[in-house]
Amino acid sequence: MATLIIHGGAGGVRPRAERDHIAQNLLTIARNTWQRIHAGTSALDAAIYATVQLEDDPLFNAGLGSKLQCDGKARLSAALMDGAMERFSGVINVEGVVNPILLAAQLQGERDRVLAGTGARDRAIELGLAMGDARTERSIRAWRERRDGSTGTVGAVVLDHEQRIAAATSTGGRGFERVGRVSDSATVAGNFASPNAGVSCTGIGEDIIDGALATRLVAHVESGRALAEAADDLIRRMRQRTWSAGLIALDQDGSWIARTTTDIMYWVAIDASGEHRFADPDD
Ligand code: GLY
């Protein structure tokens, strides 16, 4: 029984029109990904596909339209975890690569599977990946005005028809961060999967790393706990610690959850029972 869940970040409640726009774009991306999963695309390829679509949408803080760092540059981070193979790859603070998830995907087959900065950029050029500036007029204006210009980090977790799980996460970071700051999204705290479960996180990277959220939730499922129960315990602990973060996750049975300590997290899931999406506070 295949299952798909994607997110477009967690944080504050955006204006109604923007929330509707986010919901519509997430739904379109989820439906396109779901069609591919049905046609036999693997969990790994489906997670990559969904994340590329999210990176290409300037509405989200990943790929094109990402938040900018303190010096006004876009440095992107992404990670991919093949749960069936238990293999992680990632890219940290790469400049000039608009789809960092595609670089992470290439690194799945390489010896050096997590690359940062200029080394990551050099490898992207060698591999012939599309290069470009991830900044948009909107993201530059937001940076100039010191505004939080876009929504959040993106991610996708997929269970395919062969019971394989994959997780992908991509981000422009927290926004206005010091050059050299490392996002959770390219670590196993922010993106993790095993044969049993997969998780993608969004929120403040430092909080997600402090909580080792993705690995911790997968470990709970591996120890036999039900996904929803383990996620609820984790959310309680996150609230006690005042960690600002959300996560999407699924397990091998096709159960899925979306939980956040923030006011809202934008997500869409598709499973055998149909389509599901975040609750709008005005509905
Ligand atoms: N979760 C994105 C970041 O803090 O970098």
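The values are calculated or read from the model by the stated rules, or taken from the named source; none is laboratory data. The model shown is predicted, which means the values in this text are computed figures rather than measured ones. Every residue, glycine as well, gets a Cβ built from its backbone with ideal geometry; the counts of neighbours run over all protein chains shown.
What residue, of Thr28, Thr51, Thr33, is hydroxyl-bearing (Ser, Thr, Tyr) and in contact with a Phe, Trp or Tyr (Cβ under 6 Å, 6 or more places away or on another chain)? Give the steps one after another, and end with the answer.
Working: Thr28 fails: in contact with a Phe, Trp or Tyr (Cβ under 6 Å, 6 or more places away or on another chain); Thr51 fails: in contact with a Phe, Trp or Tyr (Cβ under 6 Å, 6 or more places away or on another chain).
The unique qualifying residue is Thr33.
Does region 69-76 contain any residue that is touching a residue at least 40 places away in the same chain (Cβ under 8 Å) and under 14 Å from the mean Cα position of the chain (by Cα)? Within region 69-76, one or more residues are touching a residue at least 40 places away in the same chain (Cβ under 8 Å) and under 14 Å from the mean Cα position of the chain (by Cα). You will find that of Thr136, Thr187, Thr169, the residue that is in contact with a Ser or Thr (Cβ under 7 Å, 6 or more places away or on another chain) and closer than 27 Å to Ala10 by Cα is Thr169 and no other. Residue count for region 200-212 satisfying the condition of being within 11 Å of the ligand (Cβ to nearest atom), assigned to a helix (DSSP H, G or I) and either farther than 17 Å from Gly90 by Cα or at pLDDT below 95 (or both): 2.
Annotation note: of Asp133, Asp112, Asp184, Asp148, the sole residue that is surrounded by 20 or more Cβ atoms within 10 Å (Cβ to Cβ) and among the charged types (D, E, K, R) is Asp184.
One line per residue, one yes/no per condition, for (1) near the ligand (Cβ under 10 Å from one of its atoms); (2) aromatic (Phe, Trp, Tyr); (3) part of a loop (DSSP other than H, G, I, E, B); (4) buried (at least 17 other Cβ atoms within 10 Å of the Cβ):
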{"site": "Leu129", "(1), (2), (3), (4)": "no, no, yes, yes"}
{"site": "Ala156", "(1), (2), (3), (4)": "no, no, no, yes"}
{"site": "Ala166", "(1), (2), (3), (4)": "no, no, no, yes"}
{"site": "Arg174", "(1), (2), (3), (4)": "yes, no, yes, yes"}
{"site": "Glu177", "(1), (2), (3), (4)": "yes, no, yes, yes"}
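When region 55-75 is filtered for residues that are within 14 Å of the ligand (Cβ to nearest atom) and out of contact with any Leu (no Cβ under 8 Å at 6 or more places or on another chain), the ones remaining, listed by number, are Asn61, Lys67, Leu68, Gln69, Cys70, Arg75. The strands (runs of 3 or more DSSP E) found entirely in region 1-118 that carry 2 or more residues being closer than 21 Å to Gln163 by Cβ are 3-11, 76-82, 87-94.
Does Ala189 qualify as being in contact with a Leu (Cβ under 8 Å, 6 or more places away or on another chain), among the aliphatic types (A, V, I, L, M), under 13 Å from Ala258 (Cα atoms) and within 16 Å of the ligand (Cβ to nearest atom)? Break it down into steps so the answer makes sense when it comes.
Numbers: in contact with a Leu (Cβ under 8 Å, 6 or more places away or on another chain): yes; among the aliphatic types (A, V, I, L, M): yes; under 13 Å from Ala258 (Cα atoms): no; within 16 Å of the ligand (Cβ to nearest atom): yes.
Against the criterion (in contact with a Leu (Cβ under 8 Å, 6 or more places away or on another chain), among the aliphatic types (A, V, I, L, M), under 13 Å from Ala258 (Cα atoms) and within 16 Å of the ligand (Cβ to nearest atom)), Ala189 does not qualify.
Listed here are the residues, each with its yes/no results for (1) surrounded by fewer than 21 Cβ atoms within 10 Å (Cβ to Cβ); (2) closer than 18 Å to Ala142 by Cβ; (3) modelled with pLDDT of 95 or more.
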{"site": "Met1", "(1), (2), (3)": "yes, no, no"}
{"site": "Gln24", "(1), (2), (3)": "yes, no, yes"}
{"site": "Thr28", "(1), (2), (3)": "yes, no, yes"}
{"site": "Ala39", "(1), (2), (3)": "yes, no, yes"}
{"site": "Thr51", "(1), (2), (3)": "no, no, yes"}
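Would you pick out the residues in region 152-208 that are over 16 Å from Trp243 (Cβ atoms) and of a type in the set (Val, Ile, Thr)? Within region 152-208, Val154, Val157, Val158, Ile165, Thr169, Thr171, Val179, Val182, Val188 meet the criteria.
Looking only at region 171-183, count how many residues are within 23 Å of Ala30 (Cβ to Cβ) and either among the acidic types (Asp, Glu) or touching a Pro at 6+ places or on another chain (Cβ under 6 Å) (or both). Full working, then the answer.
So the first thing to find is which residues in region 171-183 are within 23 Å of Ala30 (Cβ to Cβ), and the list is 171-172.
Among the residues that remain, those that are also either among the acidic types (Asp, Glu) or touching a Pro at 6+ places or on another chain (Cβ under 6 Å) (or both) are: none.
Looking only at that region, the number is 0.
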